[in-house]
Structures are given as C-alpha cells and as structure tokens.
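This report refers to the structure that appears directly beneath it.
The values are calculated or read from the model by the stated rules, or taken from the named source; none is laboratory data. Keep in mind that what you see is a predicted model, and the values were worked out from it rather than measured. Cβ placement follows ideal geometry from the backbone for every residue including glycine, while neighbour counts extend to all protein chains displayed. Surface accessibility is based on the protein's heavy atoms, side chains included, excluding ligands, DNA and RNA. Shrake-Rupley method; radii C 1.70, N 1.55, O 1.52, S 1.80 Å.
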Amino acid sequence: MSSGIRRRSLLSAAALGSTAASLGLSVPASAQPVLGTKPSAATLPAEDGYDLWLRYRRVEDPGQLERYRAALGTLVWQGGGPLQQSAVEELGRGLTGLLGTRVAPRISAPSPAALVVGTAKSSALIRELVPAADLAELGDEGYVVRRVTRRGKHFTVVAAHADRGVLYGAFHLLRLVQTRRPLEQVDLMERPATPLRMANHWDNDDGSIERGYAGRSFFDWEKLPQLDTRYTDYARVLASLSINGAVINNVNTPADYLAEPFLTKLAALAGVLRRYGVALYVTANFAAPIDLGGLDTADPFDPGVRGWWTKQAAEIYGKIEDFGGFLVKANSEGRPGPLDYGRTHADGANLLAGALRPYGGIVMWRAFVHDSDEKWDRQAYLDFTPLDGKFAHNAVVQIKNGPIDFQVREPAHPLFGSLPRTNSMIELQVTQEYTGHATHLCYLVPQWKEVLDFDTLKAGEGSTVARVVTGRVHSYTHFGFAGVMNFGDARNWTGSHLAAANTHGYGRLAWNPDLSAQDLAAEWTRMTFGNDPRVVKTVSALLLDSWHTYEDYTSPLGTGYLTHPPDASVAGHFDPSPTTTTQFHTSDRAGIGYDRTTATGDGFTELYAPATRDAYESPANCPEELLLFLHHVPYTHRLASGTTVIQHIYDTHFSGAARVADMRTEWEGLRRRVDHRRFTDVHRQLGEQITEAAKWRDTLVAYWFDLSRIRDERRAWLQAIVAPADTVLLGGERNELPVQVLNATGSGLRTVTTLDVPEGWRSEEAAAYVASREGQTVKMPVVPPPTPALATLHARPRSGAVPVLDASLRSLAKAVVVPPAARCVHALDAGPDSAPVLKDYARLSPSSGWHEGAGFGWVGNTPDATDTGLFDVVRRDYVRDSAPAVLRLKLPAGRCTAHLLTGDPNTLNRSLIVRVDGIERARSEQLDGREFTWLRIPLDGGSSGREVDLELSAKEDETWHLSACVVVADGPA
Ligand code: GCV
C-alpha cells in the first residue's frame with residue numbers, strides 16, 4: 001500500500017465541456033451566504049449527534065473559506081455508475097455545507113479552478129489530468145486526490161481506476177476540508193491495506209443487540225423490505241470509513257436469515273448498501289440444513305447437506321447478486337458445528353465455502369472457541385493450527401485480537417502468524433462489552449494499535465499482527481478486519497457521542513493500520529466537534545488517555561475478567577464482580593494472577609515464538625502490563641518501579657478514578673466551544689463514569705484488601721462486606737444480616753454500622769471494635785414489611801473521620817423478602833427436586849403433580865427445572881418451560897393474593913405471563929440476568945373456597961421462569 005505519496009503532474013491543456021448538469025441535490029440548512037464572521041460560540045446550534053463525523057458545517061475562517069470556495073466551488077463530473085453518483089451526491093452535500101454555497105455537479109469547468117472527480121473510463125477530463133499509469137496502480141478501491149495546475153487553471157482532482165475509489169476519494173477530500181487541510185499542494189494516493197473491512201453486527205431479529213449499548217437494532221425486520229433513510233445514512237457512514245462489508249446479524253443466530261421472508265428483506269437492504277460499496281453478508285447457523293431444510297443432519301460430509309447449502313446459495317445469489325458470504329460461529333458457546341459430527345472446523349468452513357465459490361462469496365469462520373475456562377486461552381490455537389492449509393481458498397479464519405474475549409488488556413492472539421497457509425483476519429470489538437459499555441469513555445484505538453504492532457516473530461522479525469492480517473507476511477487470498485459494531489437505534493448511533501470515536505478509529509485503521517492513535521483521535525474530534533484548537537487538544541487528550549484510565553480503575557496489570565458472570569445477559573460485563581470470576585484472575589490470600597507459564601502453569605506461553613515465550617515465561621521480563629495475565633505472584637511482588645503489586649493496585653485504582661473527575665473538569669472547559677446539547681450529554685456521561693469508577697475502585701480495593709490484608713501505604717479506610725450479598729429475608733420478622741466490617745487503618749477502631757433500608761423497614765445500628773487489618777462480623781437487625789418485595793440494602797460502617805469505601809458493591813445486599821410459611825395459604829419454593837428449599841416452604845418441582853391433599857400442583861404439562869447454584873435458596877433455582885403449564889391452587893374462602901417471583905441469577909429472562917380463567921392477569925417485562933420481579937395477582941376463594949388454575953406461559957419462542965409462588969390471605973380492608 002502506498003499512502004500519501006506526493007506526485008507532480010504536468011499535463012497539456014484540454015478543451016473542456018461546458019454544459020452544467022445538476023443532480024438536484026438538496027441544500028443543507030447550514031448553506032447560508034458567507035458572512036465572513038466566526039459564529040459566536042454561545043450560539044452554536046444544538047446537535048443531536050446523528051451526523052457523527054459527517055458534519056459539514058461551514059468553514060469559519062474567511063480567508064480559508066475563500067480558498068476552499070475558489071478551489072472546490074465548481075464540481076465537474078462527467079458521469080459514472082451508481083457509486084460515483086453517491087460520491088458526487090456526498091460531495092454536493094458536503095461542500096454545500098462546508099463552503100456555505102450551493103455546489104452542484106456540472107460536466108465542464110469554465111472557471112479558473114474546479115474540483116474534478118471520476119475515473120478514466122467515465123471522464124475525458126480525468127484522462128487528461130491524471131496519467132493512466134497512476135490510475136493503474138490504484139486497484140479497485142484506491143484513489144488519488146491531487147492538485148493539478150495547467151495553463152493557469154487549478155484543478156483539484158479526485159480520480160480512481162474504479163467507481164468505488166471515487167467514492168472513497170470523495171470522502172477523503174471532504175475529510176481534508178473538515179479538518180481544514182490546505183489543498184494547494186495536495187497530492188496523495190491511497191489504497192486500502194486489506195480487501196476485507198467488515199462491520200459485524202450482533203443484532204437479533206427481535207430488535208435486541210447482544211452487547212449493544214445504543215438502544216435497539218435499527219434493522220427493522222418487521223418493516224423491511226420497506227426502507228427508510230437511516231439505512232442510507234448507515235451506508236454513507238460505512239463508506240466514509242471505506243468499510244466494504246456488513247454482517248447484519250448476530251453470530252449467535254437462528255437459521256432464519258437464509259430463507260424467505262428474510263431474503264427479500266435482505267435484498268432490499270443490500271440494494272441500499274450496494275450504492276455505497278458495501279456488500280451484505282449474513283451469519284449462518286451451521287444447523288440450518290436441519291432447522292430450515294428439514295434434514296436430520298448438518299454433517300458436512302453428508303451429500304444431502306452439501307446439496308442443501310448449494311441450493312441455498314443459489315437462492316441467495318438469485319436475490320442478491322453481490323452477496324458477500326457467510327460469517328460462522330461454530331462449536332462455540334453452545335452453537336452447532338462440524339465437531340458435532342466428528343468433523344473439523346475446516347470441514348465445516350469448506351462445506352459453506354464450496355457452496356459460495358461459484359458466486360465469488362467467502363466464508364469467515366470464527367476461531368473464538370472455548371469449552372472450558374481452563375483451556376480457554378489455548379483452545380483456538382490447539383484446534384486451528386493442526387488444520388493449517390486445510391481451509392478452502394475462499395474461507396478466512398476470523399481471530400479475536402486476544403486469546404480470551406476482548407478484555408481490557410490481553411496479549412495478541414497466538415494464532416496470528418501461526419496459520420501461514422490459512423487466510424486470517426482480525427476481529428476487534430468496537431462495542432465496549434468489557435470496557436464500560438456506552439457509559440465509560442474508553443477509546444480503544446491505542447489498544448488495537450498495540451495488538452497490530454505486536455511482532456509475532458513467527459515468520460521472522462517484522463511479522464507483526466498488522467502485516468499478517470494485511471496479507472504481507474503470508475500469501476493469503478483473503479484477509480482483513482472485522483469490527484463488532486457499537487451502533488443501535490439511538491439518535492447518535494452509539495449511545496454516547498464519544499463512543500463513536502471507536503467506530504471511526506476502527507474503520508480508519510482497517511483501511512490503514514499504520515495511522516496513529518493521535519492522528520485518528522484528532523481527526524475524529526475535528527470532524528465531530530470542530531476545529532477549535534482547544535477542543536481538538538482537550539478531546540484528543542481525553543480520548544488518548546481513556547483506555548489507560550479505565551484500565552487503572554478496573555483491571556490492573558492484565559488481571560482481566562473482573563466483570564460479573566461471563567455468561568450473564570445483556571447488561572452483563574459492566575459491574576465489577578471479582579468474587580464470581582476467580583477462575584480467571586485466581587486471586588487468593590497469597591497472591592494474584594493466572595499462571596500461564598510453561599514451567600508451572602497451563603503452558604499458554606508455549607504458543608508464542610521462542611523469544612516471546614521466553615519473555616512471557618518470566619515475571620521479571622514479561623511486559624509489566626501483562627504480568628497478572630501471565631503469572632500468579634505474591635501481592636508483595638515488586639514491579640520495576642519498586643512498588644509492590646498490591647500497592648500498585650491501590651494506587652492505580654485511586655488515581656484512575658480520580659482522573660475521571662479531572663476528565664469532566666477538562667470537558668467543562670469546553671462549555672462554550674461545543675454546542676450545548678452535546679456538551680450536556682457528554683457532561684452527564686462523564687458524571688455517570690465518575691460514579692461507576694468509584695464503584696470499581698471501592699469494590700476491587702476492598703476485595704484485594706480483604707484477601708491480602710496488606711495495608712495501603714498511602715491511604716487508610718473502613719470497608720464493609722455483606723455476605724451473603726444475595727439473601728432471603730422474612731417479611732414482618734426480625735432478620736439478622738451478617739455484615740463484616742474491615743479495618744484497613746493502622747490501629748484498632750470502635751465502629752458503628754448502619755444499614756440503609758427502604759421506607760417502611762426497620763433496622764438498628766450495630767457497634768463493634770475492629771482491630772487493625774482485621775474483620776469483625778456484626779449482625780444487623782432488619783425487619784422488612786410482610787409483603788413480598790425485592791430491595792437493596794447498603795451497609796455503612798463509620799468510625800470518626802476515617803474514610804469509608806462506600807461505593808463498594810460488596811457493601812450491598814440484594815434481598816428478596818418472602819412471607820414466613822406460617823402466614824401463607826401456600827408457600828412454594830420452585831426448582832428441581834435436588835435443590836434446597838426455604839425452611840417451612842413446600843417444594844414446587846416438575847414432579848409436583850396436582851394433589852388435592854397438598855392443595856397445589858401441575859395439571860397437564862409439567863415444566864422443566866433448573867438449579868443455577870447462584871444466589872439464595874429462593875432465587876437460585878426455578879421451574880421453567882417454553883410451553884404453557886397450569887399450576888392449580890386450592891384457595892380458602894375469601895380474598896387472597898398470589899405473588900409469583902420470576903427472574904434468573906444468570907441470563908436474560910424474557911417474560912412470565914399469568915392467565916386465570918383464560919384472562920391475562922400479570923406479565924413481567926424483560927429482565928436482565930440477576931434481575932427479579934414479583935408479579936401480584938388478586939384472587940377470590942368465594943364464600944367456601946375453590947380451586948384456581950394459574951396458566952403460566954411465555955411469549956412465542958421464549959421461556960418462562962418461576963422461582964417462588966406464595967399466596968397470602970388479604971387482611972380486613
Ligand atoms: C456473540 C463473548 C460475549 C458473547 C459473544 C461471544 C462471541 O462470550 O460475551 O456475547 O457472543 O463472546 O464473540 O461469540
């Protein structure tokens with residue numbers, strides 16, 4: 001790839017055509033006559049962020065504006081295909097906004113200067129202005145942007161060999177103006193580093209997005225094939241980054257997308273994307289021959305299966321001639337795959353590749369496979385390296401940047417460079433699953449740069465990841481970048497204005513991985529917030545510092561995986577939860593970190609080139625930021641600075657969290673320099689980040705102090721741990737909640753602990769003496785009201801002016817309140833027969849058929865049951881089913897109320913619908929993992945009692961859950 005090459009072109013004069021041709025472009029509201037004055041900062045018009053970096057606000061500096069207007073005010077286009085037309089439309093829109101005067105295409109250049117766009121094929125003027133040899137070097141996607149002066153006329157030329165190059169060149173020219181670059185000497189030539197530059201969406205057909213934090217999916221499958229302008233704007237945004245492929249559905253996908261009615265919808269979408277050079281791809285479910293085709297196998301060696309894929313590919317290409325191909329997640333996290341039939345990943349990929357080959361389609365086969373936590377770091381390498389050379393030419397193995405799962409810090413994946421005969425591409429996560437969602441500012445370009453710059457050494461020095469995935473180390477036929485997108489239907493696309501910097505950075509790096517994080521941060525800032533030097537400096541600095549800041553207050557020295565449970569639902573991977581992820585950071589009383597060495601650990605280091613392995617093998621020589629990813633060390637292990645690991649953890653958590661407050665102060669300095677609306681949005685977001693950072697700091701500092709009992713040399717504090725944090729309380733009774741108070745000061749303290757409880761609850765404070773570095777458990781009395789409820793209780797210790805780690809999640813109890821069995825008509829704790837039952841409650845399991853003597857039980861279909869082992873005795877287990885089930889209850893005379901508890905300690909829980917006598921009486925909303933809710937249904941036993949049937953069901957294709965059912969007689973009114 002050659003980028004930014006300076007060239008000189010001397011061309012002879014040419015006769016120019018003269019007829020003006022307008023494409024009828026609309027003029028943005030901002031295209032007002034030039035006023036020649038800088039708009040007052042106080043009057044910056046409010047922006048909602050929808051334009052992202054495609055903001056075409058008028059150039060403020062009058063001199064610069066005049067120069068741009070002179071150079072670009074006349075746009076000459078002599079025709080071309082749809083991609084060129086999109087380029088010209090964008091130039092019309094962009095320049096009209098930027099120059100403050102209407103710019104429309106014409107076919108000749110009467111004025112002394114003009115912007116000329118096109119290909120040699122479609123434009124005589126381009127043929128005259130740009131030597132054919134230059135264009136021949138550009139391939140199908142490259143372009144030149146060049147100033148050519150001839151006979152006193154100045155031409156700014158955007159020229160390419162193919163239409164797509166014109167489109168990308170047009171966006172480049174606009175970027176130059178948006179970032180206020182002088183054009184007098186412009187002479188650049190660009191070609192992409194990789195052919196595959198993919199946007200991967202993890203969007204589901206029900207509108208939800210796996211790991212999406214910007215609202216719901218904007219792919220509206222109900223309305224498609226009906227289109228709306230957002231699809232066009234989406235395609236423009238991708239094209240502005242030169243992204244040329246979009247996988248529009250989640251890697252965890254049903255088979256549906258491969259057949260009608262989806263194909264017609266996909267074809268409509270593909271039509272919009274095509275005009276911007278973006279090919280449409282879908283994720284294929286490997287079991288599709290079974291799920292869609294009605295076959296009894298998906299075995300890649302089965303002729304019927306092969307035939308099915310061949311027929312399916314023909315059908316897809318019949319509707320979408322430029323369909324890109326399939327992305328596949330197979331035999332990973334429960335997905336079907338070739339291993340189910342004793343075949344290999346290569347066998348599976350080749351099956352699909354074979355079906356796509358006649359049409360030029362490709363298969364991107366993910367290497368993200370892990371069966372067990374213990375083998376997670378090595379499994380992809382162990383499964384895929386023996387298959388090197390066995391994948392079809394039109395198959396590409398898609399490899400996550402690191403061996404685990406998009407953690408804050410991981411080494412580069414050992415598969416890079418280890419598959420010399422297998423097309424490989426890199427998968428980066430733009431959506432911030434483990435890096436703070438759309439709440440924390442975490443600019444990931446510096447992280448990606450580190451991975452791209454990592455020298456695998458596998459093919460000698462200089463075989464960096466960037467060179468591997470840009471096909472410069474091995475002779476790959478397909479290679480490139482995939483980015484898991486952070487777009488949703490939020491008006492500003494990414495939920496937070498600042499998160500869009502990651503989208504921009506990803507696309508730009510996919511085009512040219514040599515671009516620097518500094519340049520990209522500044523470029524995005526200029527295009528998004530304008531060119532005020534103070535804004536550029538401040539925002540760039542905020543972006544560039546943010547990953548390290550996030551790392552400091554979350555995951556020190558490569559600890560990784562500290563967010564709550566790995567298989568948690570949509571909201572998962574946000575809060576700290578060190579106690580539930582010990583299998584990854586293996587902290588214990590003696591030390592911290594995961595031993596991945598070959599000498600004493602799991603042997604992961606062995607997967608790297610010898611020099612890297614040797615460095616990784618030694619705590620003294622490995623990169624310090626990966627120390628705890630690679631080694632288990634004592635808390636007193638000294639870092640190069642002389643600081644111990646535990647002190648480093650304390651220091652970075654406090655300084656990192658403090659820096660977030662500084663970040664907001666920095667942002668405040670831009671109050672009048674950024675429009676009020678976006679200023680306020682970002683300000684609010686940074687406020688949330690301050691709170692969240694304190695939560696991370698206090699939770700982790702408290703956790704590691706508790707384990708190590710080593711005091712911070714610089715700080716002292718008190719902390720509380722409620723254990724167990726998930727607890728059952730009996731309503732109307734005196735309960736005792738155990739709270740451990742820990743003293744992280746240098747001397748013994750008299751402490752008093754209080755419990756924050758909701759209104760209507762009672763609690764008393766508890767006093768305890770706690771020795772230095774010791775913990776003392778106090779029993780906090782608490783009396784909730786008798787009605788079933790859910791509540792969060794906060795334990796707050798104090799001792800004079802000693803600071804308290806108050807934001808620690810470990811000082812919270814998440815309680816479920818149930819009435820004592822003695823006060824209930826029915827007190828049923830649901831779950832499998834093997835699970836524990838709350839004292840005095842009756843078990844409601846799949847085997848609880850209706851029994852008159854018991855007064856409750858299933859009639860007809862009996863549900864399944866699950867025990868997660870997580871949470872308290874009531875919430876850990878439940879009965880569940882996708883089919884409806886009828887729970888019959890015997891009611892006494894008079895009115896009573898049934899309370900049904902639903903939720904899941906782990907995963908998303910969609911709905912519980914309760915019908916009585918065919919009428920819907922209650923329905924739960926979608927709940928994230930760990931969330932529960934009580935449904936309340938008034939019932940009437942009549943004058944002599946009766947039996948009532950509660951029909952429990954879920955929405956179509958969903959599963960209902962029931963953790964407990966209590967029925968209490970209503971008291972006198
Ligand atoms: C799409 C992690 C995420 C999952 C994701 C998976 C993958 O496990 O938490 O949500 O599934 O990676 O990349 O396939």
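Regarding Leu115, is this residue in the same structural domain as Leu174 (by TED's automatic domain parsing), over 42 Å from the mean Cα position of the chain (by Cα) and within 18 Å of His154 (Cβ to Cβ)?
So Leu115 fails the test.
So in the range 487-497, with the set limited to residues that are out of contact with any helix residue (DSSP H, G or I) (no Cβ under 6 Å at 6 or more places or on another chain) and open to solvent by 10 Å² or more (accessible area, probe 1.4 Å), which one is farthest from the ligand (Cβ to nearest atom)?
Result: Arg491.
Which condition number does Lys390 fail, the rest of (1) open to solvent by 20 Å² or more (accessible area, probe 1.4 Å); (2) within 16 Å of the ligand (Cβ to nearest atom); (3) touching a helix residue (DSSP H, G or I) at 6+ places or on another chain (Cβ under 6 Å) being met?
Exception for Lys390: condition (2).
Please pick out the residue among Ala246, Ala193 that is touching a Pro at 6+ places or on another chain (Cβ under 7 Å) and crowded, with 17+ Cβ neighbours inside 10 Å.
Step by step, each of Ala246, Ala193 is checked, and only Ala193 is touching a Pro at 6+ places or on another chain (Cβ under 7 Å) and crowded, with 17+ Cβ neighbours inside 10 Å.
Can you pull out the residues in the range 51-65 that are more than 27 Å from Arg491 (Cα to Cα) and open to solvent by less than 10 Å² (accessible area, probe 1.4 Å)? Step through it out loud before you land on a result.
So in the range 51-65, the residues more than 27 Å from Arg491 (Cα to Cα) come out as 61-65.
Answer for the range 51-65, where residues must be more than 27 Å from Arg491 (Cα to Cα) and open to solvent by less than 10 Å² (accessible area, probe 1.4 Å): just Leu65.
For residues in the range 867-922 being among the acidic types (Asp, Glu) and not in a strand (DSSP E or B), which is nearest to the chain's Cα centre (by Cα)?
Asp904
Please work out which residue is nearest to the chain's Cα centre (by Cα), limiting yourself to the range 139-183 and to residues that are surrounded by fewer than 19 Cβ atoms within 10 Å (Cβ to Cβ) and β-branched (Val, Ile, Thr).
Checked the range 139-183; the qualifying residue nearest to the chain's Cα centre (by Cα) is Thr179.
Listed residues Thr563, Thr554, Thr559, Thr549; which is under 21 Å from the mean Cα position of the chain (by Cα), away from the ligand (no atom under 16 Å from the Cβ) and at pLDDT below 95?
None of the others qualify; the one that does is Thr559.
Taking the range 237-274, which residues are more than 16 Å from the ligand (Cβ to nearest atom) and in a loop (DSSP other than H, G, I, E, B)?
Answer for the range 237-274, where residues must be more than 16 Å from the ligand (Cβ to nearest atom) and in a loop (DSSP other than H, G, I, E, B): Leu241, Ser242, Ile243, Asn244, Ala259, Glu260, Pro261.
Quick check on my filter: what residues within the range 682-706 are under 20 Å from the mean Cα position of the chain (by Cα), open to solvent by 10 Å² or more (accessible area, probe 1.4 Å) and farther than 15 Å from Arg659 by Cβ?
Result: Gln685, Glu688.
Give the residue, chosen from Ser540, Ser587, that is part of a helix (DSSP H, G or I) and either more than 16 Å from the ligand (Cβ to nearest atom) or in contact with a Pro (Cβ under 9 Å, 6 or more places away or on another chain) (or both). Before you say what the answer is, go through the steps one by one.
Values: Ser587 fails: part of a helix (DSSP H, G or I).
Within the list Ser540, Ser587, the selection yields Ser540.
Are there any pairs with C-beta distances below 6 angstrom linking a residue in the range 319-341 that is in the same structural domain as Phe301 (by TED's automatic domain parsing) and aliphatic (A, V, I, L, M) to a residue that is open to solvent by less than 10 Å² (accessible area, probe 1.4 Å) and outside any strand (DSSP E or B), with the two at least 6 apart or on different chains, and if so which?
What qualifies is Ile320/Ala270; Val328/Ala284; Ala330/Phe286; Ala330/Gly337; Ala330/Gly348.
Only residues that are over 15 Å from Phe481 (Cβ atoms) and touching a His at 6+ places or on another chain (Cβ under 6 Å): list them for the range 412-467, please.
Within the range 412-467, Pro420, Glu433, Tyr434 qualify.
Could you please let me know if Tyr434 is within 13 Å of the ligand (Cβ to nearest atom), under 25 Å from Pro556 (Cα atoms) and in the same structural domain as Gly505 (by TED's automatic domain parsing)?
So Tyr434 fits the description; yes.
Within the set of pairs 6 or more residues apart or between chains, which connect a residue that is under 9 Å from Ala693 (Cβ atoms) inside the range 652-675 to a residue that is open to solvent by 50 Å² or more (accessible area, probe 1.4 Å) and modelled with pLDDT under 95 with Cβ atoms less than 9 Å apart?
Sorted first by the residue in the range 652-675, then by its partner, the list stays empty.
Just give me the residues in the range 394-408 being away from the ligand (no atom under 13 Å from the Cβ) and farther than 26 Å from Leu352 by Cα, in sequence order.
Val408
Please go through the range 126-138 and pick out each residue that is hydrophobic (A, V, I, L, M, F, W, C) and either closer than 16 Å to Leu173 by Cβ or surrounded by fewer than 20 Cβ atoms within 10 Å (Cβ to Cβ) (or both).
Ile126, Leu129, Val130, Ala132, Ala133, Ala136, Leu138
Among the candidates Ala104, Ala124, Ala113, single out the residue that is touching a Lys or Arg at 6+ places or on another chain (Cβ under 7 Å) and farther than 20 Å from Thr179 by Cβ.
Ala113
Scan Arg671, Arg678 and give me the residue that is surrounded by fewer than 18 Cβ atoms within 10 Å (Cβ to Cβ), outside the structural domain of Leu793 (by TED's automatic domain parsing) and not in a strand (DSSP E or B). Spell out the reasoning first.
Working: Arg678 fails: surrounded by fewer than 18 Cβ atoms within 10 Å (Cβ to Cβ).
Answer to the selection: Arg671.
Rundown of residues vs (1) of a type in the set (S, T, N, Q); (2) open to solvent by less than 70 Å² (accessible area, probe 1.4 Å); (3) without any contact (Cβ under 8 Å) to a residue 60 or more places away in the chain, yes/no style:
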{"site": "Ala854", "(1), (2), (3)": "no, yes, yes"}
{"site": "Tyr878", "(1), (2), (3)": "no, yes, no"}
{"site": "Val886", "(1), (2), (3)": "no, yes, no"}
{"site": "Gly903", "(1), (2), (3)": "no, yes, no"}
{"site": "Gln926", "(1), (2), (3)": "yes, no, yes"}
{"site": "Leu935", "(1), (2), (3)": "no, yes, yes"}
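Given the conditions (1) surrounded by fewer than 21 Cβ atoms within 10 Å (Cβ to Cβ); (2) of a type in the set (A, V, I, L, M, F, W, C); (3) under 30 Å from Leu224 (Cβ atoms), report the number of the one that Leu188 does not fulfil.
(3)
When the residues of the range 324-358 are narrowed to those that are of a type in the set (Asp, Glu) and more than 16 Å from the ligand (Cβ to nearest atom), which ends up least open to solvent (accessible area, probe 1.4 Å)?
The extreme case among them is Asp347.
Within 14 Å of the ligand (Cβ to nearest atom), within 30 Å of Arg275 (Cβ to Cβ) and either open to solvent by 10 Å² or more (accessible area, probe 1.4 Å) or in contact with a helix residue (DSSP H, G or I) (Cβ under 9 Å, 6 or more places away or on another chain) (or both): is that true of Trp376 in this structure?
Here the answer is no, as Trp376 does not meet what is asked.
Being within 16 Å of the ligand (Cβ to nearest atom) and of a type in the set (Gly, Ala, Ser) is the filter here; which residues of the range 208-234 pass it?
Ser208, Gly212, Ala214, Ser217
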